[in-house]
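The block underneath contains the structure these notes are about, expressed in structure tokens.
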Amino acid sequence: MADIRIVRAGREELDDLAPLFDGYRQFYGQRSDLPAARAFLRDRIDRNESVIYVAYANQGEAAGFTQLYPSFSSVSLKALWILNDLFVRTDVRQGGVGRALLERARQHAADAGAKGLILSTAVANKPAQTLYESCGWQRDDEFLHYHLFF
């Protein structure tokens with residue numbers, strides 16, 4: 001897949017983006033809810049709470065996306081971006097879309113003067129781990145990560 005075009009998503013891309021986001025949520029065990037997925041993305045875009053990039057391939061078909069959330073590193077006194085979501089349609093995987101989206105996210109963080117990017121993925125998601133590591137991402141062996149959900 002040689003021709004991949006990546007654009008920052010705005011309201012104009014919602015019709016392309018929402019089905020990808022819905023597919024991403026289904027990948028992580030949620031039931032399909034396209035209207036809720038669209039509303040969630042619209043709110044992030046309208047409130048400028050995240051940065052979303054959409055990849056187009058195969059004559060302009062929406063092929064994947066990544067969503068970044070801003071954060072900060074108190075220790076380094078710098079911005080930090082959380083790569084919260086990355087999804088590529090199953091029929092176009094292995095075609096460079098995921099790699100291109102990771103590179104665009106890296107460029108976004110670098111352009112913003114951030115310390116870097118962080119992400120987490122499912123322990124069983126070996127294909128994603130292989131991709132991340134092939135793009136220079138390092139597995140964290142220094143810190144344990146905890147969460148508290150409600």
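The values are calculated or read from the model by the stated rules, or taken from the named source; none is laboratory data. All of these numbers come straight from a predicted model, not from anything done at the bench. No Cβ is skipped: glycine too gets one built from the backbone with ideal geometry, and neighbour counts run over all protein chains shown. Note: areas computed on protein heavy atoms with side chains; ligands, DNA, RNA excluded. Shrake-Rupley method; radii C 1.70, N 1.55, O 1.52, S 1.80 Å.
Which of the residues that make up segment 54-69 are open to solvent by 10 Å² or more (accessible area, probe 1.4 Å), within 17 Å of E13 (Cβ to Cβ) and touching a strand residue (DSSP E or B) at 6+ places or on another chain (Cβ under 9 Å)?
Step one: list which residues in segment 54-69 are open to solvent by 10 Å² or more (accessible area, probe 1.4 Å), which gives 56, 58-62, 69.
Filter once more, keeping what is within 17 Å of E13 (Cβ to Cβ): 56, 58-62.
Correct list: Y56, G60, A62.
Here's a check for you: in segment 7-33, which residue that is over 23 Å from A122 (Cβ atoms) and over 16 Å from the mean Cα position of the chain (by Cα) is most open to solvent (accessible area, probe 1.4 Å)?
By that ranking, first place goes to E12.
For the subset of segment 70-88 comprising residues that are among the aromatic types (F, W, Y) and open to solvent by less than 70 Å² (accessible area, probe 1.4 Å), which member is nearest to Y24 (Cα to Cα)? Working first, answer last.
Here is the first cut: in segment 70-88, the ones among the aromatic types (F, W, Y) are 72, 81, 87.
If we keep only those that are open to solvent by less than 70 Å² (accessible area, probe 1.4 Å) too, we end up with 81, 87.
Values: W81: 20, F87: 6 Å.
Out of the qualifying residues, it is F87.
Is it fair to say R25 is among the charged types (D, E, K, R) and closer than 17 Å to R5 by Cα?
no
Restricting to segment 122-150, give me the number of residues that are within 20 Å of F72 (Cα to Cα), surrounded by 10 or more Cβ atoms within 10 Å (Cβ to Cβ) and not acidic (D, E). Steps first, answer last, please.
Kept after step one, since they are within 20 Å of F72 (Cα to Cα), are these residues of segment 122-150: 137-140, 142-148.
From what's left, surrounded by 10 or more Cβ atoms within 10 Å (Cβ to Cβ): 137, 140.
Now restrict to residues that are not acidic (D, E): 137.
Final tally of qualifying residues: 1.
Name the pairs: first residue in segment 22-41 and in contact (Cβ under 8 Å) with a residue 40 or more places away in the chain, second residue among the small types (G, A, S), Cβ to Cβ under 8 Å, at least 6 apart or on different chains?
Here the result reads Y28/A122, each pair linking segment 22-41 to a residue that is among the small types (G, A, S).
Select, from F143, F72, F149, the only residue that is closer than 23 Å to D22 by Cβ and not small (G, A, S).
Residue meeting the stated conditions: F149.
Going by the conditions given, is V92 modelled with pLDDT under 95 and more than 22 Å from R38 (Cβ to Cβ)?
For V92, the condition - modelled with pLDDT under 95 and more than 22 Å from R38 (Cβ to Cβ) - is not met.
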